[in-house]
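What follows draws every value from the coordinates through simple rules; no lab data is involved. In this text, all values refer to a predicted model and were calculated from it rather than measured experimentally. When we count neighbours, we look across all protein chains shown, and the Cβ atoms used for this are built from the backbone with ideal geometry, even at glycine.
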């Protein structure tokens with residue numbers, strides 16, 4: 001079967017893209033065999049036959065531009081540019097690396113079951129996470145998720161804020177999201193939980209599969225079906241279930257900011273988490289206006305401008321003030337009747 | 001002719017050794033596209049070929065102080081490119097191994113389906129057909145064929161019986177065969193007519 005020399009015709013057909021299964025298999029065999037001098041010779045001949053000085057395609061132009069930028073930085077601060085490049089990567093990787101490191105350290109100790117890890121997603125950010133069992137999801141800005149480094153009998157995690165979960169199915173080991181007011185119990189499915197400390201309601205939206213809602217005493221309250229929203233009003237201690245389009249509640253994981261006929265007070269809460277700013281609504285009449293809109297990659301200014309076009313409101317951005325510690329406070333936006 | 005090219009290159013290389021960015025740019029403009037065309041012939045994917053170009057030129061920049069200015073820069077480029085392409089090719093072949101196996105299993109020689117010619121298209125279609133399977137069947141099929149999971153493992157993961165897993169895979173293979181029969185009617189025309197009239 002194995003030929004000593006690669007069939008030149010086969011290789012040409014492969015290079016030109018018009019090749020048969022046998023052609024592919026033989027080319028592959030030559031690529032895989034340890035030191036195939038013959039293959040190298042053939043490729044070298046191919047290489048030498050190609051002409052230089054051809055115009056770059058779009059992708060390569062962008063690449064050259066990137067090289068150029070790195071080099072310029074380099075000439076400004078010798079030896080820093082590549083370092084800076086890696087620092088940027090390191091900043092993004094930092095949390096996962098840290099978690100992996102702690103996991104590795106704790107695995108070697110005997111107390112691993114009690115070790116908890118917490119992921120904080122800073123305001124204005126959305127953080128993707130993967131749990132020890134392979135379940136994954138997104139943590140919205142200003143939220144935190146706490147979980148044991150090693151899951152024991154149950155897979156229990158604690159959530160404050162909002163997260164979207166895609167749970168890996170395990171029939172013997174239930175996955176439970178605990179919030180202050182309720183617990184969501186699942187076997188394997190995807191769903192969204194919003195339990196912000198500053199909101200008077202907790203809601204769970206089920207995308208697919210089945211989940212159970214337990215109360216604080218771990219008693220079963222309700223079993224949800226896909227595209228349902230379970231909302232618990234914490235002030236009245238009342239639960240309602242409604243039909244929704246689940247994807248509109250999970251679209252934040254893809255960077256969409258969506259308002260589904262919500263009053264200004266809710267809109268402002270979402271905006272303040274998304275953009276890390278404070279709001280003050282100075283006229284109560286405004287709170288009753290509802291908004292329906294979807295934004296992606298929009299500046300806060302632009303969103304405010306669009307809202308003010310459809311509502312009798314005006315807004316102004318207050319200068320950032322210094323607080324006692326000498327750091328700047330969050331930007332504040334004042335909303336008034338027009 | 002060849003000699004003069006070499007001379008121009010070695011002047012550029014001497015500048016590059018001193019950290020001259022414009023020399024680097026000139027080399028990129030000269031050989032970037034050539035490298036891309038070379039790499040894409042074997043890797044068949046634009047993004048992968050571009051990665052090779054980036055990898056090779058990053059090496060050139062990194063090793064600029066140690067570059068030999070008296071030997072051909074072209075053969076130096078070729079050597080790095082050859083090794084990178086080979087590595088990338090083998091990695092990809094490994095990942096796509098299961099597709100090859102699925103095609104080999106589908107091809108039992110009885111059906112008038114042409115799996116042999118136009119192999120690049122056959123593999124593309126296989127990707128498409130798998131993507132179009134119903135969600136559950138696709139997951140079971142991919143876990144079995146691509147990830148090499150056992151029937152029992154898959155049954156446990158989805159909380160279904162081993163028998164159901166088996167059925168899903170049988171159905172998936174039947175479905176693939178049907179799709180291929182539609183798109184790649186090979187062999188004798190008589191046979192395909194016969195198949196349709198049934």
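Within 10 Å of the Cβ of each residue in B:35-41, the mean number of Cβ atoms contributed by other protein chains is 5. Rg/Rh for chain B stands at 1.20; both radii use Cα atoms, and Rh follows the Kirkwood definition.
Each peptide in A:33-39, B:56-62 gets a packing score, the mean of other Cβ atoms within 10 Å over its residues, and the list from highest to lowest is B:56-62, A:33-39. Each principal axis of the Cα cloud of the stretch B:2-94 was taken in turn, and the coordinate range along them, longest first, works out to 41, 26, 19 Å.
Would you kindly calculate the mean projected area, averaged across all directions, of the convex hull enclosing the Cα atoms of the stretch B:107-197, in square nanometres? Each step should come with its number before you reach the end.
Numbers: hull surface 26.4 nm².
Average projection, Cα convex hull of the stretch B:107-197: 6.6 nm².
How crowded by other chains is A:40-47, given as the mean number of beta carbons from other chains within 10 Å of each beta carbon?
Counting Cβ atoms of other protein chains within 10 Å of each residue's Cβ and averaging gives 4.
What ranking do B:141-147, A:318-324 get when scored by the average of other Cβ atoms within 10 Å per residue, highest first? Numbers along the way, then the final one.
Values: B:141-147: 17.3, A:318-324: 9.7.
Top to bottom by mean Cβ count within 10 Å: B:141-147, A:318-324.
Between residue A:133 and residue A:41, the contour length at 0.36 nm per residue exceeds the alpha carbon distance by 28.3 nm.
Arranged from fewest to most other beta-carbon atoms within 10 Å of their beta carbon, A:152, A:20, A:143, A:135 become A:152, A:20, A:135, A:143.
Could the peptides A:218-225, B:65-72, A:9-16 be put in order, highest first, of the mean number of other beta-carbon atoms found within 10 Å of their residues?
On the way: A:218-225: 13.2, B:65-72: 11.2, A:9-16: 16.4.
Most protected by this proxy first, the peptides run A:9-16, A:218-225, B:65-72.
Contact order, relative form, for chain A: 8 percent (alpha carbon pairs under 8 Å, 6 or more residues apart, mean separation divided by residue count).
Seen against the Cα atoms of chain A and their longest principal axis, helix A:264-275 is set at about 40 degrees. Taking the centroid of alpha carbons for each part, the stretch A:38-58 and the stretch B:32-78 are 10 Å apart. At q = 0.10, 0.11, 0.13, 0.19 Å⁻¹ the log10 of I(q)/I(0) for the stretch B:36-150 amounts to -0.47, -0.54, -0.68, -1.05, computed by Debye summation with a single uniform scatterer per C-alpha, solvent ignored.
In chain B, the calculated helix contribution to ellipticity at 222 nm averages -26000 deg cm²/dmol per residue, counting -39,500 (n - 2.57) for every DSSP H run with n ≥ 4.
Seen against the Cα atoms of chain B and their longest principal axis, helix B:73-106 is set at about 0 degrees. With the simple model of a label 7 Å out from the Cα in the direction of the Cβ, residue B:18 to residue A:29 spans 5.4 nm. Only DSSP H runs of four or more residues enter the estimate; each adds -39500 (n - 2.57), and after division by the residues of chain A the mean residue ellipticity at 222 nm equals -10000 deg cm²/dmol.
Distances over 21 Å make up what percent of all Cα-Cα pairs in the stretch A:111-250?
Values: 3596 of 9730 pairs.
Taking all Cα-Cα pairs of the stretch A:111-250, the fraction more than 21 Å apart is 37 percent.
Using C-alpha pairs below 8 Å separated by at least 6 residues, the relative contact order for chain B is 18 percent. Taking all C-alpha pairs of the protein assembly as shown, those more than 44 Å from each other amount to 41 percent.
How far is helix B:21-43 tilted off the main Cα axis of chain B, in degrees rounded to 10, range 0 to 90? Around 30 degrees separate the two axes. Under Stokes-Einstein, with the Kirkwood radius over Cα pairs standing in for Rh, what whole-number D in µm²/s applies to the stretch A:122-205 at 20 °C and 1.002 mPa s? After rounding, the answer is 167 µm²/s. The alpha-carbon positions of the stretch A:193-338 define a convex hull whose volume is 150 Å³ per residue.
Computed over the Cα atoms of the stretch A:241-312, what is the convex hull's projected area averaged over all directions, in nm²? The partial results should precede the final answer.
Working: hull surface 21.7 nm².
So the Cα hull casts an average projection of 5.4 nm².
Can you run the Rg to Rh ratio on the stretch A:197-273? Use alpha carbon positions and the Kirkwood inverse-distance Rh.
Values: Rg = 13.4 Å, Rh = 13.8 Å.
When Rh is taken as the Kirkwood radius, the ratio is 0.97.
Sequence gap at least 6, Cα distance under 8 Å: using those rules, report the relative contact order of the stretch B:2-94 to the nearest whole percent.
Working: 66 pairs, mean separation 34.0, N = 93.
Relative contact order comes out at 37 percent.
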